[in-house]
Structures are given as structure tokens and as C-alpha cells.
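Worksheet for the structure shown next.
The values are calculated or read from the model by the stated rules, or taken from the named source; none is laboratory data. Since we're looking at a predicted model, the values are computed, not measured. Cβ coordinates were reconstructed from backbone atoms using ideal geometry, including for glycine residues, and neighbour counts include every protein chain displayed. Just so you know, the surface numbers come from the protein's heavy atoms only, side chains and all, with ligands and any DNA or RNA stripped out. Shrake-Rupley method; radii C 1.70, N 1.55, O 1.52, S 1.80 Å.
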Amino acid sequence: MSKLGYFSPMDKSTKFTGVNSIKFYRQFQDDAVCLEYLASIKWPDGTYVCKKCGHTKYCKGKKSFSRRCIKCRYDESPTAGTMFDKCKFSLLIAFHIVFKISTKKKGMSSLELSHEFELRQPTCWEFKWKVQQAMKSSKQHPLTCEVHVDEILIGGPEEQKRGRSKGDKRLVVVALEKVKGGVGRAYAQIIEAASAEEFAPFFASYISKKAKVITDEWLGYLPLKKVYKKLKQIPSEDGKNFPDLHIHIMNLKGWLRGIHHHCSKERLQGYLDEYHYRYNRRNNMDTIFHNLIVKMVTNDPKRLKSIQK
Ligand SMILES: [Zn+2]
């Protein structure tokens, strides 16, 4: 605790690293510790700016770790304006849920969370949806090197391809990066049709123009050659020419089927984001929890609106 009594600045000893659950349980034992953790992310030393009037001087607020603007008297808690705002359970439980979702290889379904933390399943479902919003890619790190791209249908019985009726299923485009000695990162996004118009924003967000993109011979990819000069089309041979991409797709589908039976069409993108958030950090788990908390503090809180299960 600093001499002002607000909180200690985040340092190596307080920033949580790794995936060790015993270490995690030791560090996060009550709401106050979690609140202090959020405060130190929200206001790293010397960076206070009043949300209402922009003033930079403050005094201690009413509640623990809150800050009150000395000009307009606005009192702000560490959770205000973050995804932890108006959470229906304790901050301690919220931290434990974020830890589980980020560090367990397959994450946890809302049903599993409801059993483990003795909460109502819809409550877990709602919170998990917020976490998934924080797991969305920043789109700041497009895939480079060799990138394999294909589309798949997800949901319902096994897939048909492309032009045919989708029925209840959603069409998803998937890109996987090949790196020396194996596979790198991957991204997936729901699209409305396997057309160049639908592929283009996905490519622009997730694939570097310098990448060597490889697709099958579907005509929808052809116009992208204007931007992606190295794009090459090869026969798919039922996926045999894209073995790594097809293993990735099988694993993704298996995960969706296995622990998320009730994934609705509306929720699918959230699950795709969740899966790839962990997948893209699988070799760099040290900061996976901390960085997710940071995203949940700095992203605007999301509200569930019309999306129903
Ligand atoms: Zn103010």
C-alpha cells in the first residue's frame, strides 16, 4: 500500500504471470486484492484523468481504491466503465472465472462455470459473453509468411460446401499461418457468402498483404489477387493439400461440439474469438490472464442486448 493509502503500483511481484492455479489462489484471496489489481491497471502511477472534467488531481474516494476528482468531486471506482462494472457476483469470482477461461486448454462452458462457482448458468453465460468480447482480436497483428485459407460450415449436421443452401449453419472463413517447423496463429470469422466481397474485409483485418496466401481453386478468392500479389490457388484434393488447416478446423469443430453444445448462431463469433485467443497465445501463456484483465479494464463495458441463447 502506498503512503496515500490508495494502492501500490503494479510491479513484477504483483503482476500475475503464468498458469499455476495454486499461485493464483494465493494471490487472489478476496475482493480487495482484485479491486487493487484493477485500480493499478486503470490508473498506472500518475495517469489519473477525471472522466467527467478531465482534471488530473484527485483525493481518496468513498470506497476502497476509488478516486475522487478534487475539482468536480466525481468519485470513480476501479470497476466503473470496465467490463467488471455491475457484475452480478463478487469480483473475486470474476477473477477466478477469467483465470479459468484464459488458462485452461479448452476454457470452460457456462454450465461448468455455474457448477464450479455455484452460480446460475445464465449469469455465467452473460459474464462469459463479456469475456469473449475482450478476447476479440485487436487486428493489429496480421498473419504473415505462408497463410492457408478455407471456408467451412459450422453448426448442424456435416457440411456441404459453398453455393448450396446453408440452412441453419453459418459459413466461417478460417486462415492459418504456416511458420518454420509448424503452424503459427489463426483467425476465423463468420461470413455471409463465399464471395470476394465477404472475404476482402477478413483478409484486410487478419492477413498481411505481403503474405503468401494459398487457397483452393474456388473462384471467390480470385479477385483478391489484385491486393494479395502472392496469392496462389491449388487443388484442394478434399483437404489433402491443406493438412494443417484441416486439422485446425477439426479441432475447432470438436471443441465447439464437445463443451459448447448450445452455441447459437448469434454466439458463434464469440466462441471463434475465444478459441483463437487461447490458440494464438498457446506458446506464450505467461501473460494470458493479465492481458485479458487489461483488455476487460480498458474496453468499454458491453451490454447484452438482443442476443438470446
Ligand atoms: Zn472532475
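If you take the residues of the stretch 67-86 that are open to solvent by 40 Å² or more (accessible area, probe 1.4 Å), of a type in the set (D, E, K, R) and part of a loop (DSSP other than H, G, I, E, B), which of them is modelled with the lowest pLDDT?
First pass over the stretch 67-86, keeping only residues open to solvent by 40 Å² or more (accessible area, probe 1.4 Å): 68, 70-75, 86.
If we keep only those that are of a type in the set (D, E, K, R) too, we end up with 68, 71, 73, 75, 86.
Subset that is part of a loop (DSSP other than H, G, I, E, B): 71, 73, 86.
Working: K71: 97, R73: 96, K86: 89.
Here the residue is K86.
Pairs only if they're at least six apart or on different chains, beta carbon under 6 angstrom, first in the stretch 38-62 and of a type in the set (G, A, S) and assigned to a loop (DSSP other than H, G, I, E, B), second open to solvent by 10 Å² or more (accessible area, probe 1.4 Å) and within 9 Å of the ligand (Cβ to nearest atom); list them, first residue then second.
G61/R68
May I ask you to list the residues in the stretch 90-107 that are closer than 12 Å to Q132 by Cβ and at pLDDT below 95?
Across the stretch 90-107, the qualifying residue is only G107.
Do you know which residues across the stretch 87-135 are more than 13 Å from the chain's Cα centre (by Cα) and outside any helix (DSSP H, G or I)?
Across the stretch 87-135, the qualifying residues are C87, K88, F89, S90, K104, K105, K106, M108, S109, E118, L119, R120.
Residues that are modelled with pLDDT under 95 and closer than 18 Å to A134 by Cβ: does the stretch 47-66 have at least one?
Looking for residues that are modelled with pLDDT under 95 and closer than 18 Å to A134 by Cβ, one finds none in the stretch 47-66, hence no.
When the stretch 236-271 is examined, which residues are found to be among the β-branched types (V, I, T) and modelled with pLDDT of 95 or more? Before the answer, list the steps.
Taking the stretch 236-271 and keeping what is among the β-branched types (V, I, T), we get 247, 249, 259.
Of everything in the stretch 236-271, those that are among the β-branched types (V, I, T) and modelled with pLDDT of 95 or more turn out to be I247, I249.
From the residues in the stretch 66-106 that are more than 16 Å from the ligand (Cβ to nearest atom) and small (G, A, S), which one is farthest from T123 (Cα to Cα)? Spell out how you get there, then give the answer.
Here is the first cut: in the stretch 66-106, the residues more than 16 Å from the ligand (Cβ to nearest atom) are 78-79, 82-106.
Then drop every residue that is not small (G, A, S), which leaves 90, 94, 102.
Values: S90: 12, A94: 11, S102: 18 Å.
Applying the filter and picking the extreme gives S102.
Which members of the stretch 204-238 meet the condition of being basic (K, R), in a helix (DSSP H, G or I) and surrounded by 12 or more Cβ atoms within 10 Å (Cβ to Cβ)?
At the first step, the residues of the stretch 204-238 found to be basic (K, R) are 209-210, 212, 225-226, 229-230, 232.
Remaining after also requiring in a helix (DSSP H, G or I): 225-226.
Result: K225, single match.
Which of (1) in a helix (DSSP H, G or I); (2) more than 15 Å from the chain's Cα centre (by Cα) is the odd one out, the single condition N241 does not satisfy?
For N241, the exception is condition (1).
Counting just the residues of the stretch 15-57 that are within 16 Å of the ligand (Cβ to nearest atom) and hydroxyl-bearing (S, T, Y), which one comes out surrounded by the most Cβ atoms within 10 Å (Cβ to Cβ)?
Start the filter on the stretch 15-57 by keeping residues that are within 16 Å of the ligand (Cβ to nearest atom), which leaves 42-43, 47-57.
Keeping just the survivors that are hydroxyl-bearing (S, T, Y) gives 47-48, 56.
Values: T47: 8, Y48: 16, T56: 12.
Residue satisfying both the conditions and the ranking: Y48.
Residues of the stretch 113-128 being charged (D, E, K, R) and open to solvent by 60 Å² or more (accessible area, probe 1.4 Å), which ones? Spell out the reasoning first.
Applying the first criterion (charged (D, E, K, R)) to the stretch 113-128 yields 116, 118, 120, 126, 128.
Answer for the stretch 113-128, where residues must be charged (D, E, K, R) and open to solvent by 60 Å² or more (accessible area, probe 1.4 Å): E116, E118, R120.
Considering each residue of the stretch 136-149, count those that are surrounded by 15 or more Cβ atoms within 10 Å (Cβ to Cβ) and under 12 Å from the mean Cα position of the chain (by Cα), and give that number. Spell out how you get there, then give the answer.
Looking only at the stretch 136-149, we keep the residues that are surrounded by 15 or more Cβ atoms within 10 Å (Cβ to Cβ), and these are 136-137, 142-144, 146-149.
Checking the rest, the ones that are also under 12 Å from the mean Cα position of the chain (by Cα) come to 136-137.
Total meeting the criteria: 2.
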